[in-house]
């Protein structure tokens, strides 16, 4: 197949997939809690306005950003210096204590999900809160990471006991790259969105223990730091968002760096593109799976799996698994389309190389999808931690004196939530455009060539923005 | 067939509003297609001009 045909085929496929998705009525979000909104214009007009903002940003980048600024930024400005080791120990103790508390609550507490600390902590504070905190304050999870803290403590004890007798870690296979992280995030999303017992506190606790044990084995085999950077799904996931932050923690120093420069410095190893597509795709499926389009499709797929002999529950899980993988595939196809379009400007580079070179532009989009999709969950359900921390087992205790607190749904209006979601999507995609433009300036000799190479990336960004707003608009209906 | 058409038209209010979200994407893709076609034509003309005469 010629390159042009490949581009046209990919374009046709992507448009067809989006058409199939759009052909149904609007969808509702799984996690959105939205009341009546008072908007001055129809919601679809926000999508048009967002597209205009992106096009204007694109033109602005072409005119005002003629040289790379992010690839080789000036050194960060030091803001603060703290003793590194005590800080690591303190962070590790806090992380291990929080992990132990959540696991204990899951195993020993009530099995009513809303009254137990474990589900809310895992699905709201951990899964949604830490990405936001990472983007604002840098890699906070690295400091608090409980399995990394345990591994470091064990390594410290072993070094004192055995001295230089400790064996060297095995060489981490280069081809493995970030694939373990991609698979780990996909598995977590499967549990969150598909697994029938996803809210059962005891099962969440067991899965948390199993995950921690797997990480400890991996760290002991391949080394703590390398495993954390490549294979620990949550360490990698939060670490990617932390690269967006203007703040960077390193050896006890807090530095202020140029925004987005952390993403430009991302080492693109195998599995990185897949990881980013999984991150965006799973969030998209969360919205899509609650809509009527999927609701009308799912029973047919479920019947197919039931005819193969699966029980009704497992057939439904299998159907949703197909849907999850399908949406991840759509997101991957959209990105691939942009890359194939870029090849029309520079056929000398392979699609795989271009996909890896420009993958950083997906990091702010992944964060934008998380913020847009889960903001209301964090704003409202996040408040539940106040009473759950006081009564973690759901047995009526009041450890902190806050067991009687409630969720204040007036903390932000529905209209306010919509504006935050729109702003997150537009800013995220504009940041993605800036990252792609900066990378194009490095790869192509002339700025005009760099700009021309990004036309298709602009189309991808507008498609992702429209998709995000379409998914969100339904929950506000 | 008639029933299907009636069904589609009856739900037009739903899918037309959803389809409006696609408009910006289609506009940009169309603009890209036109641009690519123009560039190909320009390149072909350049090649023809550069080609040695008979």
Name every residue in region A:287-315 that is surrounded by 19 or more Cβ atoms within 10 Å (Cβ to Cβ) and modelled with pLDDT of 90 or more, in order of residue number. A:301, A:302, A:305, A:315
Flag for residue A:166 being surrounded by fewer than 17 Cβ atoms within 10 Å (Cβ to Cβ) and farther than 27 Å from residue A:117 by Cα: yes
Can you tell me which residues in region A:367-407 are in a helix (DSSP H, G or I) and closer than 16 Å to residue A:115 by Cα? A:380, A:381, A:382, A:383, A:384, A:385, A:386, A:387, A:388, A:389, A:390
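So that you can scan it fast, the table gives a plain yes or no per residue for (1) buried (at least 22 other Cβ atoms within 10 Å of the Cβ); (2) modelled with pLDDT of 95 or more:
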{"site": "A:234", "(1), (2)": "no, yes"}
{"site": "A:238", "(1), (2)": "yes, yes"}
{"site": "A:251", "(1), (2)": "no, no"}
{"site": "A:267", "(1), (2)": "no, no"}
In this structure, is residue A:54 within 11 Å of another protein chain (Cβ to nearest Cβ), at negative phi, modelled with pLDDT of 70 or more and surrounded by 17 or more Cβ atoms within 10 Å (Cβ to Cβ)? yes
Condition met for residue A:376 (buried (at least 16 other Cβ atoms within 10 Å of the Cβ), at pLDDT 95 or above and under 25 Å from residue A:241 (Cβ atoms)): no
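For the structure I just gave you, tell me whether residue A:278 is outside any loop (DSSP other than H, G, I, E, B) and either surrounded by fewer than 19 Cβ atoms within 10 Å (Cβ to Cβ) or in contact (Cβ under 8 Å) with a residue 40 or more places away in the chain (or both).
Criteria met by residue A:278.
Tell me which residues, restricted to region A:229-263, are in contact with a strand residue (DSSP E or B) (Cβ under 7 Å, 6 or more places away or on another chain) and part of a loop (DSSP other than H, G, I, E, B).
Once the filter is applied, which keeps residues that are in contact with a strand residue (DSSP E or B) (Cβ under 7 Å, 6 or more places away or on another chain) and part of a loop (DSSP other than H, G, I, E, B), region A:229-263 yields A:246, A:252, A:257.
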Determine, yes or no, whether residue A:329 is in a helix (DSSP H, G or I) and under 15 Å from the mean Cα position of the chain (by Cα). no
Scan region A:20-42 and give yes if some residue there is modelled with pLDDT under 80, touching a helix residue (DSSP H, G or I) at 6+ places or on another chain (Cβ under 9 Å), part of a helix (DSSP H, G or I) and surrounded by 14 or more Cβ atoms within 10 Å (Cβ to Cβ), otherwise no. yes
Considering residues that are within 14 Å of chain B (Cβ to nearest Cβ) and either more than 30 Å from residue B:18 (Cβ to Cβ) or in contact with a strand residue (DSSP E or B) (Cβ under 6 Å, 6 or more places away or on another chain) (or both), the number found within region A:437-477 is 5
Looking at A:100, A:105, A:135, which one is exposed (fewer than 14 other Cβ atoms within 10 Å of the Cβ) and in a helix (DSSP H, G or I)? A:100
Taking only region A:440-453 into account, find how many residues are at pLDDT 90 or above and touching a helix residue (DSSP H, G or I) at 6+ places or on another chain (Cβ under 6 Å). 2
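The values are calculated or read from the model by the stated rules, or taken from the named source; none is laboratory data. Only a predicted model underlies this, so the values are computations on that prediction, with no experimental measurement involved. In this analysis, Cβ positions are derived from the backbone assuming ideal geometry, glycine residues included, and neighbour counts consider all displayed protein chains.
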